[in-house]
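Notes follow the structure.
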Amino acid sequence: MATSYLDKKFSLWDWLTTVDHKKIGTLYFFAGIFYFAVGGLEALLIRIQLMYPMNDFLDGETFNQVMTMHGTTMLFFAATPLLFAFMNWVVPLQIGARDVAFPFLNSLGFWMFFFGALLTNSSFFLGGAPQAGWTSYAPLALDYKGTDFFVLGLQISGAGTIMSAINFLTTIFTMRAPGMTLLRMPLFTWSTVVASALIMFAFTPLTGALFLLMFERMFDAKFFDVAAGGNVVLYEHIFWIFGHPEVYLLVLPAFGIISDVIAAISRKRLFGYHSMVFATVLIGFIGFMVWAHHMFAVGMGPTVNSVFGIATMLVGVPTGIKVFNWIFTMIGGKVQFNTAGLFAVSFIPSFVIGGITGVMLASSAADFQFHDTYFVIAHFHYVIVGGIVQAIFAGMFYWWPKIFGKMLNETLGKWMFWLFLIGFNLTFYIQHYLGLWGMPRRVFTYLPNQGWDTANFVSSVGAFFMTAAVILLVINVIVTFARGEKAVQDPWYGRTLEWSIPSPPPEYNFARTPIVRSNDPWWYEKMQGKKEMQYAEPLAEIHMPNPSIIPMIMAFGTFIAGYGFIYSSWFGVFLGFGITGVCMFIRSIKDDHGQHVHPEGLHVEKGVHHSA
């Protein structure tokens, strides 16, 4: 009798056809870690090139390709799938669901992301990667073949991202356990709701911007040809209507992770829960009102600049609510400084620095000085690396025992934390000063004796510290899989529903649907002297979906069609879309009633186990 979703004998076919949200989360996680390593290698190459003035480690064209792909990879192919991994792993467990609402669509979303990322990165081997920056502004981007890979790859992966957002919203609104009202949901689940809504409304303008670039490149449209009545600023507006909400759709799940981890390590209920929910929703709403602060130097005029500057400053209010509530949660708590806790606590000052510099950039007058300097680089890396990446590491150490049933090594984890913290601050803190001293961004070299030499050297040394930290993380994962300590059901004295079931969970998550009687439902039952949740039903057959290879083949069809567009091969386009269309037809006419797990095959947990 299988007691865990991992108990089945490993086979490649099982992973290619899975529709289990936990396995799809694992696929997202390891794909994200791979692209995080790729993006990190690109960052290291950038810092080696800039380590010394007039360095010739990379030439200008190669530097531009590496710089463009670093930003594109880290945002679209590393941070996004890593956060989707946590959403897949954790959200159904936190709301008491047995799977997501649309398991087939969940699998399709992953494979669309996978093939989109693969297509974009294949550009390195097929004539040159994109080299107009991760924003790919027109008309600059129109001059490079690599832009075609950027456009098609992001369209494919972006379609998968939108599918996943629809799936998570439907799951959370329709599949919560009895008693789990919206205001009893954990903060990570709430952040998934708002992030999914942001994806729905932000990725659609991105798709529009990419279509404009695609038609301009491939069909000689005139959207950005000023002589023919086009407008190059049009692309900037459409892109940033996506681009700034993109930051929040990454930051909000990170906030959710930190909220859950800080409550657990403090052994306290999260302070100001309702205000935290309100702040999460407000950040998502204001996030669509600030996009033009990226365009203060365009010349929109003082009125427009002032409106967007004030809106940008307003984001600091709900963000401040969150920061103070995290601090108040820890005050009076029995804070456990394990690796997850260290990353969570370190997140707060790191993100605050990124937020303060963001408010500085919200002043359009000051932004004229900061614009296109290393000050901006320092700002958004404190948000993305100091914030999002540290939250991902915190979530990884926190939920790893639940998902894989083994404890990551704490000693290696703490060494990794200190190496990463030191390296991160060495790399990016000094870049604030580089920007104030006038060093422009996106330059592949610089003249000596301008006052930038030492700062660039220090910044590059920090990049090696972060590289060592990531290598330690990889070693930790390998060691843990090989001979890691077996995890108990509830190693952190958790508060939410995922800690009420075995580690790792069974395929069906919950043998019986739990009843939620309070915020922090698992903690509430433990405080009532219970050793398991109260249940809404007796043991009965559980319906589960069947695995399917169709999602992967459908996504592969779009992959082929993408290359068809890039190389102007209508045969490739029709072949790819034909494969996808046939798969859609088969899915439409084939009745798949799923499978049933019988009561005698269910694993029922007979009590709670904690770490010592």
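The values are calculated or read from the model by the stated rules, or taken from the named source; none is laboratory data. Keep in mind it's a predicted model, so treat the numbers as computed, not measured. Counting neighbours? That spans all protein chains shown, and the Cβs are built from the backbone with ideal geometry, glycine included. Surface areas here come from the heavy atoms of the whole protein model, side chains and all, with no ligands, DNA or RNA. Shrake-Rupley method; radii C 1.70, N 1.55, O 1.52, S 1.80 Å.
Per-structure values
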read-out	value
Given (1) under 25 Å from F424 (Cβ atoms); (2) in contact (Cβ under 8 Å) with a residue 12 or more places away in the chain, number of the condition I356 does not satisfy	(2)
Subset tally (residues that are over 15 Å from G594 (Cβ atoms), open to solvent by 30 Å² or more (accessible area, probe 1.4 Å) and of a type in the set (F, W, Y)) for region 97-118	1
One residue from A221, A197, A141 being open to solvent by less than 40 Å² (accessible area, probe 1.4 Å) and closer than 30 Å to P551 by Cα	A197
In region 445-462, the residues that are open to solvent by 10 Å² or more (accessible area, probe 1.4 Å) and within 28 Å of the chain's Cα centre (by Cα)	V461
P504, sole failed condition from (1) open to solvent by 40 Å² or more (accessible area, probe 1.4 Å); (2) assigned to a loop (DSSP other than H, G, I, E, B)	(1)
Tabulated pairs, region 221-243, first charged (D, E, K, R), second assigned to a loop (DSSP other than H, G, I, E, B), C-beta under 9 angstrom, 6+ apart or interchain	K222/G229; K222/G230; D225/P139; E236/T135; E236/Y137; E236/A138
Test result for G405, touching a Lys or Arg at 6+ places or on another chain (Cβ under 9 Å) and of a type in the set (G, A, S)	yes
Every residue from region 588-612 that is of a type in the set (A, V, I, L, M, F, W, C) and either outside any loop (DSSP other than H, G, I, E, B) or at pLDDT 80 or above (or both)	I589, V597
Among (1) of a type in the set (S, T, N, Q); (2) buried (at least 18 other Cβ atoms within 10 Å of the Cβ); (3) closer than 30 Å to G564 by Cβ - the single one T192 does not satisfy	(3)
Unmet requirement for I384, which otherwise passes all of (1) surrounded by fewer than 18 Cβ atoms within 10 Å (Cβ to Cβ); (2) among the β-branched types (V, I, T); (3) modelled with pLDDT of 95 or more	(1)
So Y52, is it of a type in the set (S, T, Y) and open to solvent by 10 Å² or more (accessible area, probe 1.4 Å)	yes
Positions within region 362-381 being open to solvent by 20 Å² or more (accessible area, probe 1.4 Å) and among the aliphatic types (A, V, I, L, M), in sequence order	A365, A366, V376, I377
Single residue of G572, G564, G557 found to be under 19 Å from V19 (Cβ atoms), in contact with a Gly (Cβ under 7 Å, 6 or more places away or on another chain) and surrounded by 14 or more Cβ atoms within 10 Å (Cβ to Cβ)	G557
Failed criterion for R176 (all others in (1) at pLDDT below 95; (2) crowded, with 16+ Cβ neighbours inside 10 Å; (3) more than 28 Å from H293 (Cα to Cα) hold)	(1)
Pair list, Cβ under 8 Å, 6 or more apart: region 434-456 residue closer than 14 Å to M67 by Cβ, other residue among the aromatic types (F, W, Y) and surrounded by 12 or more Cβ atoms within 10 Å (Cβ to Cβ)	P440/Y374; R441/Y374; F444/F63
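Per-residue answers, yes or no, for (1) open to solvent by 40 Å² or more (accessible area, probe 1.4 Å); (2) over 22 Å from E498 (Cα atoms):
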| residue | (1), (2) |
| --- | --- |
| G229 | yes, yes |
| L250 | no, yes |
| P253 | no, no |
| I286 | no, yes |
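Quick grid of which residues meet (1) in a helix (DSSP H, G or I); (2) within 25 Å of N519 (Cα to Cα); (3) of a type in the set (S, T, N, Q):
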| residue | (1), (2), (3) |
| --- | --- |
| A85 | yes, yes, no |
| D99 | no, yes, no |
| F104 | yes, no, no |
| L118 | yes, no, no |
| L142 | yes, no, no |
| V151 | yes, no, no |
